[in-house]
Amino acid sequence: MFYALVVEKDEESGKTSAAVKQIAVDDLPDAEVLVAVEYSTVNYKDGLCVGPGGGLVRKYPHVPGIDFAGTVEESSDARYKPGDKVILTGWRVGEAHWGGYAQKAQVRADWLVPLPDGLDTRTAMAVGTAGLTAMLAVMALEDHGLQPGHGPVLVTGAAGGVGSVATAILAQLGHEVAAVTGRPETGDYLKQLGASQIVPREELTEVTRKPLEAEQWAGCIDAVAGAMLGRVLKQMKYGTSVAAIGLAGGAAIEGALITPFILRGVNLLGIDSVMQPYENRLRAWQRIARDLPMKKLEAMIRPAILSDLPGLGRDILKGQVKGRVVVDVNA
Ligand code: NDP
């Protein structure tokens, strides 16, 4: 038997409740690789899966946790053998399949990547899905021509998980980073991660009727969407790109007009970490191990244990979590 955070639904009231319980390997969904989980994390989607909304969960009882890192215990797939260190992100694990908020998880071999040299399981989860997404966004901007020296790169939702890692990676690569935050008290933290400019959220959330504004940003990683993305698109320099990764501020692009696209050739790149094929995930993890300053990563970590998760799930949905929560599932 081992411990897991199990979310159950009361069929009569429709209410869900989450509690740490003991379960057995036989309870896990069938798949090729049994992993002894070491660390998991708290992402926005985990907040949804742990909380009463549960919108992403397909079936109860459920074990959430959209990412984890650990050691292979058993494998019927030749690519992995007992003792291998692995990372899992995406593929609807923690939503449609039981996830990482447990001391063991059983998953498809295709969903894993080997832990790259230079990372341990704890640092891999300090990065987690949020950091992988940040790196995929950086790589997409590079593929569309972004280079250091082109001008400031804007990161929205900067004190959150994706934003924190994006800020640290961009700064490490030599970019000037303008970090947008609604929490002025995180200014020192963001500067420590490498931001050279802090932009208050209110400066970018007012919807204007102007078709275009002064060209300012050489690139943008946007975790917020909503009114902010509408404003940012109008401020992009000619021929630059916005990598849109999330919608913490709303699902619509408010106030956006077609002008930035046709008069400034701005690109809007959608980034999805969930269905990334193996090669892309591996390439991104290898770049993370190479380009993410580990000292800065330490500054982002907030440690947690399984029983902290219901509260942390609520916090992340309110936009109140700073940096990355790393869950030690064996503590
Ligand atoms: P976090 O909650 O850690 O960060 C989101 C940040 O956005 C907050 O910390 C806050 O930053 C800012 N924010 C929150 N609410 C608002 C608001 N109403 N208006 C403006 N800013 C707001 O979440 P993550 O970084 O983990 O994820 C961010 C988004 O990206 C989510 O929508 C998530 O679902 C999505 N995501 C997408 C992935 C993909 O594959 N595309 C993968 C991972 C996440 P601050 O306080 O600094 O303003």
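Among the strands (runs of 3 or more DSSP E) lying completely within the range 64-146, list those that include at least 1 residues that are touching a residue at least 24 places away in the same chain (Cβ under 8 Å) and within 14 Å of the ligand (Cβ to nearest atom). Strands (runs of 3 or more DSSP E) meeting the threshold: 67-75, 85-89.
Take the residues of the range 180-205 that are open to solvent by less than 20 Å² (accessible area, probe 1.4 Å) and part of a helix (DSSP H, G or I): which is farthest from GLY319 (Cα to Cα)? So the residue we want is LEU193. Taking the conditions (1) surrounded by 22 or more Cβ atoms within 10 Å (Cβ to Cβ); (2) within 10 Å of the ligand (Cβ to nearest atom) in turn, VAL177 satisfies each one other than (2). From the list GLY265, GLY270, GLY319, the one residue that fits, being at pLDDT 95 or above and on the phi > 0 side of the Ramachandran plot, is GLY265.
Of a type in the set (Gly, Ala, Ser), part of a helix (DSSP H, G or I) and either open to solvent by 40 Å² or more (accessible area, probe 1.4 Å) or touching a residue at least 12 places away in the same chain (Cβ under 8 Å) (or both), is that true of GLY230? Considered against the rule, which asks whether it is of a type in the set (Gly, Ala, Ser), part of a helix (DSSP H, G or I) and either open to solvent by 40 Å² or more (accessible area, probe 1.4 Å) or touching a residue at least 12 places away in the same chain (Cβ under 8 Å) (or both), GLY230 comes out as yes. Residues in the range 16-32 that are outside any loop (DSSP other than H, G, I, E, B) and hydrophobic (A, V, I, L, M, F, W, C) were compared, and the one that is surrounded by the most Cβ atoms within 10 Å (Cβ to Cβ) is ALA18. For the range 300-308, check the following and say yes or no: at least one residue is farther than 15 Å from VAL162 by Cα, outside the structural domain of LYS85 (by TED's automatic domain parsing) and of a type in the set (Ser, Thr, Tyr). For the range 300-308, residues farther than 15 Å from VAL162 by Cα, outside the structural domain of LYS85 (by TED's automatic domain parsing) and of a type in the set (Ser, Thr, Tyr): absent. Scanning the range 233-259 for residues that are aliphatic (A, V, I, L, M) and open to solvent by 10 Å² or more (accessible area, probe 1.4 Å) yields ALA244, ILE245, LEU247, ALA248, ALA251, ALA252, ILE253, ALA256, LEU257, ILE258. Within the range 298-331, the only residue that satisfies the criterion of being in a helix (DSSP H, G or I), open to solvent by 80 Å² or more (accessible area, probe 1.4 Å) and away from the ligand (no atom under 13 Å from the Cβ) is GLU298.
The number of residues in the range 213-227 being over 17 Å from ASN267 (Cβ atoms) and either of a type in the set (Val, Ile, Thr) or open to solvent by 10 Å² or more (accessible area, probe 1.4 Å) (or both) comes to 5.
For the residues SER13, SER40, the requirement of being among the polar types (S, T, N, Q) and either on the phi > 0 side of the Ramachandran plot or surrounded by fewer than 19 Cβ atoms within 10 Å (Cβ to Cβ) (or both) singles out SER13.
The values are calculated or read from the model by the stated rules, or taken from the named source; none is laboratory data. Remember, it's a predicted structure, so these values are computed and weren't measured experimentally. Note: ideal-geometry Cβ built from the backbone for every residue, glycine included; neighbour counts use all protein chains shown. Keep in mind that these areas ignore ligands, DNA and RNA; they rest on the heavy atoms of the full protein, side chains included. Shrake-Rupley method; radii C 1.70, N 1.55, O 1.52, S 1.80 Å.
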